[in-house]
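**Student:** My questions all concern the structure below.
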Amino acid sequence: MKEESVQQGKAYERVISYIKGEILKGDLKQGEKLPPERELAEQLGVGRNSVREALRTLSLMGFISSTQGAGNFVSCDIEKNLAESTQMMMLLGATDYRQVSELRQGLESQTVLLAAERVSPAQLSELEDIVWQLRDENDLEKSAALDKRLHYLIGEAAGNQLIMVILRAMSETVDSFISHMREKMMLDEGYRKRLQDTHQGIVLALQDRNGVEAARMMREHFRVVDSAMVDLF
């Protein structure tokens, strides 16, 4: 029984290596459909159970996505895997909000430096609109969506796809644990004004193409959030 388990383990690893190799060679591209399970099993000389195990593993890793009735497709949803892994680390006590916040602060401070060099006029216009909408928006759900859009838009302006993957994953992780904290901050007039001021300061610095000032305001933004975590909870 143990030998069979080892053989099956090696077989599913062989399937994973084959699919990853096809992606690396460019024979399988994002969005393309993988061969059916039976075809993969016959081609690689393994059992269909090994193929299914390999596909499940690749799906968890974010390399493929499965659609019932349609098959398996090459994907690039690494963001989902990263977010879920970080959330599990928080649940198990392997990391905490402080560490995630420190990572976000470092990442977004660098992101806004790049954005100051690369942001387009259209993106600047949208950022300015978001700041003004945030000042007038009293609906907590809409306000949260605007806040997230502002940070994502700065990430998009930086022009680095890897930054966006990590940024979205970290944002989803934080949202899953402190959504109630966001509501308390938005209901506290003092913290709400401080957040609005930092948002406006970031956008004004981007308009001036002043990356150093934009990064300073981004760090101040996170100091406000971290301060709220201490004061309100």
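**Student:** Considering each of ARG216, ARG209, ARG223 in turn, give the residue that is without any contact (Cβ under 8 Å) to a residue 12 or more places away in the chain, over 20 Å from the mean Cα position of the chain (by Cα) and more than 15 Å from TYR97 (Cα to Cα). Steps first, please.
**Tutor:** Numbers: ARG209 fails: without any contact (Cβ under 8 Å) to a residue 12 or more places away in the chain; ARG223 fails: more than 15 Å from TYR97 (Cα to Cα).
Every option except ARG216 fails the conditions.
**Student:** Considering only the stretch 194-204, I want to know if a residue exists there that is more than 23 Å from the chain's Cα centre (by Cα), in a helix (DSSP H, G or I), closer than 17 Å to TYR97 by Cα and charged (D, E, K, R).
**Tutor:** We begin by selecting, within the stretch 194-204, every residue more than 23 Å from the chain's Cα centre (by Cα); these are 194, 196-197, 200-201, 204.
The next check asks that each one be in a helix (DSSP H, G or I); those that pass are 194, 196-197, 200-201, 204.
Filter again for closer than 17 Å to TYR97 by Cα, leaving none.
Looking for residues that are more than 23 Å from the chain's Cα centre (by Cα), in a helix (DSSP H, G or I), closer than 17 Å to TYR97 by Cα and charged (D, E, K, R), one finds none in the stretch 194-204, hence no.
**Student:** Cβ-Cβ distance below 7 Å, separation of 6 or more or different chains: which pairs start in the stretch 50-67 with a residue that is within 14 Å of ARG14 (Cβ to Cβ) and end on one that is assigned to a helix (DSSP H, G or I) and modelled with pLDDT under 85?
**Tutor:** Sorted first by the residue in the stretch 50-67, then by its partner, the pairs are SER50/GLN8.
**Student:** So is LEU103 over 20 Å from ALA215 (Cβ atoms), under 21 Å from the mean Cα position of the chain (by Cα) and in the same structural domain as MET170 (by TED's automatic domain parsing) or not? Give the steps one after another, and end with the answer.
**Tutor:** Working: over 20 Å from ALA215 (Cβ atoms): no; under 21 Å from the mean Cα position of the chain (by Cα): yes; in the same structural domain as MET170 (by TED's automatic domain parsing): yes.
In short, no.
**Student:** Inside the stretch 79-113, can you point out the residues that are more than 27 Å from ARG219 (Cβ to Cβ) and surrounded by 15 or more Cβ atoms within 10 Å (Cβ to Cβ)?
**Tutor:** Result: LYS80, ASN81, GLU84.
**Student:** Another question about this same structure. When only residues in the stretch 150-171 that are surrounded by fewer than 16 Cβ atoms within 10 Å (Cβ to Cβ) and touching a residue at least 12 places away in the same chain (Cβ under 8 Å) count, which is farthest from ASP188 (Cα to Cα)?
**Tutor:** Step one: list which residues in the stretch 150-171 are surrounded by fewer than 16 Cβ atoms within 10 Å (Cβ to Cβ), which gives 152, 159, 161-162.
With touching a residue at least 12 places away in the same chain (Cβ under 8 Å) added as a condition, the list becomes 152, 159.
Details: TYR152: 24, GLY159: 34 Å.
Among residues in the stretch 150-171 that are surrounded by fewer than 16 Cβ atoms within 10 Å (Cβ to Cβ) and touching a residue at least 12 places away in the same chain (Cβ under 8 Å), the one farthest from ASP188 (Cα to Cα) is GLY159.
The values are calculated or read from the model by the stated rules, or taken from the named source; none is laboratory data. Keep in mind that what you see is a predicted model, and the values were worked out from it rather than measured. Every residue, glycine as well, gets a Cβ built from its backbone with ideal geometry; the counts of neighbours run over all protein chains shown.
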